């Protein structure tokens with residue numbers, strides 16, 4: 001059986017890897033000049049390897065770390081060298097409160113440095129409020145603000161959700177983005193009680209395992225951007241035909257059930273197709289064959305963002321705050337939304353050039369696309385200005401690199417999972433077709449790997465792809 005995988009990001013490559021394991025013949029078509037999508041490793045200051053996209057993956061879901069081990073990167077897996085992030089809020093960088101679920105606290109006593117007295121007093125009303133029904137779905141920010149007040153949302157939930165989705169907490173679906181919190185909201189009268197119940201169940205599960213707590217996140221020495229390259233190499237070794245700079249212009253299904261993909265240079269035929277593309281691109285290819293799915297895909301919005309990577313002489317940076325970096329609540333009115341102290345966070349970054357200190361900042365949320373229109377020098381200066389205000393850093397970088405991710409992160413508004421169900425129903429009615437990617441059931445790397453495997457299982461019924469994809473389904477989504 002010949003399967004076309006259209007899209008060479010980690011979702012498409014995961015689908016190809018699974019399809020090959022299940023005996024299919026695979027051709028991967030990627031429009032860009034490189035593979036990997038949002039996973040991209042580069043270098044700064046001539047020698048320092050850095051991630052220019054995602055830099056870590058959730059380790060408590062098995063799919064991504066399992067894939068890394070399967071393609072020979074097991075020895076390169078590394079947890080962060082330091083634990084604990086921070087918030088730049090109310091005038092200074094403060095430790096991130098412990099014991100929260102995506103910023104929603106279980107114990108208000110941990111929030112004294114982050115919230116005002118009025119904000120803390122508002123949280124205390126949760127136990128006295130009548131139950132808030134969540135129905136089929138609800139926006140995270142709207143629900144948490146009703147229970148605990150807007151300050152919890154603006155100072156805690158927004159920066160954490162923004163780090164994952166670059167979105168608006170008052171629009172993001174709790175059922176899609178924080179499903180464990182949605183379940184707690186349905187089961188418990190008090191939100192604080194629900195968060196504590198989640199924490200107690202997690203602690204009990206860890207105790208039952210009887211082993212030290214495993215890392216929450218994992219990176220790869222040399223950068224997460226190595227992962228898609230290793231998967232592609234494994235696919236090529238297994239016989240996959242991988243073609244770069246090959247955009248698909250048309251996709252058709254013939255009366256004999258064969259699929260035809262038209263590129264700029266040729267027409268290819270196959271028994272099945274996995275579309276692992278951003279939603280707008282998938283919609284364009286499905287307009288003729290699956291118009292109902294195309295219409296829903298067109299409605300999925302994306303946020304754009306920029307990453308600014310900065311390299312300093314370590315001797316000139318002074319003492320940075322402890323920890324891996326900090327998040328910035330939007331209400332602070334700053335340009336950057338986060339900063340990662342890469343040299344602190346990853347042992348391999350610190351080791352490759354001890355004379356350098358590498359940091360990165362991110363800018364841009366949904367609706368802030370104008371930020372990306374600024375030139376590189378201006379984005380660097382905006383980052384340096386905010387870093388100086390937050391940490392006192394006054395040094396000038398010896399090198400900088402700006403990476404723009406246009407349409408980088410799909411948004412999960414209220415009703416997103418219902419939209420996904422409609423898309424899957426329409427696509428599922430067409431034999432030999434499956435979708436994969438971050439637009440559906442999780443934007444993190446493990447979710448994308450699972451998505452690719454699940455798509456492989458759908459076009460090759462009875463194989464292992466679906467089972468593997470479901471392995472981490474009850475874990476939290478990234």
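The values are calculated or read from the model by the stated rules, or taken from the named source; none is laboratory data. It should be emphasised that the depicted structure is a prediction, and the values quoted were computed from it without experimental measurement. Here the Cβ is made from the backbone with ideal geometry for all residues, glycine too, and neighbour counts use every protein chain on show.
Some points to look at:
A quick yes/no check of all residues on (1) under 20 Å from the mean Cα position of the chain (by Cα); (2) over 18 Å from residue 324 (Cα atoms); (3) not assigned by TED's automatic domain parsing to the domain that holds residue 334:
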site	(1), (2), (3)
80	yes, no, yes
89	no, no, yes
109	no, yes, yes
113	no, yes, yes
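Per-residue answers, yes or no, for (1) buried (at least 24 other Cβ atoms within 10 Å of the Cβ); (2) in the same structural domain as residue 199 (by TED's automatic domain parsing); (3) under 24 Å from residue 95 (Cα atoms):
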site: 152; (1), (2), (3): yes, yes, yes
site: 156; (1), (2), (3): yes, yes, yes
site: 160; (1), (2), (3): no, yes, yes
site: 164; (1), (2), (3): no, yes, yes
site: 171; (1), (2), (3): no, yes, no
site: 178; (1), (2), (3): yes, yes, yes
site: 187; (1), (2), (3): no, yes, no
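- Filter result for residue 251 (in contact (Cβ under 8 Å) with a residue 24 or more places away in the chain, more than 18 Å from residue 35 (Cβ to Cβ) and in contact with a helix residue (DSSP H, G or I) (Cβ under 7 Å, 6 or more places away or on another chain)): yes
- Lone qualifier among 311, 288, 293 - being more than 20 Å from residue 87 (Cβ to Cβ), crowded, with 19+ Cβ neighbours inside 10 Å and either assigned by TED's automatic domain parsing to the domain that holds residue 248 or in contact with a helix residue (DSSP H, G or I) (Cβ under 7 Å, 6 or more places away or on another chain) (or both): 293
- Taking region 210-221 as the range and being surrounded by fewer than 20 Cβ atoms within 10 Å (Cβ to Cβ) and either touching a strand residue (DSSP E or B) at 6+ places or on another chain (Cβ under 8 Å) or part of a strand (DSSP E or B) (or both) as the test, the residues that pass are 216, 217, 221.
- Residue within region 343-359 that is within 18 Å of residue 81 (Cβ to Cβ), part of a strand (DSSP E or B), touching a residue at least 60 places away in the same chain (Cβ under 8 Å) and touching a helix residue (DSSP H, G or I) at 6+ places or on another chain (Cβ under 7 Å) present: yes
- Test: residue in region 4-16 that is surrounded by 20 or more Cβ atoms within 10 Å (Cβ to Cβ) and in a loop (DSSP other than H, G, I, E, B): yes
- The lone exception for residue 80 - which of (1) at pLDDT 95 or above; (2) in a loop (DSSP other than H, G, I, E, B); (3) over 15 Å from residue 219 (Cα atoms) it fails: (3)
- Complete set of residues in region 24-41 that are assigned to a loop (DSSP other than H, G, I, E, B) and closer than 20 Å to residue 68 by Cβ: 34, 35, 37, 38, 39, 40
- Scanning region 240-261 for residues that are under 26 Å from the mean Cα position of the chain (by Cα), surrounded by 17 or more Cβ atoms within 10 Å (Cβ to Cβ) and assigned to a loop (DSSP other than H, G, I, E, B) yields a count of 1.
- Entirely in region 262-325, the helices (runs of 4 or more DSSP H) that have 2 or more residues that are modelled with pLDDT of 95 or more and within 27 Å of residue 19 (Cα to Cα): 279-286, 291-298
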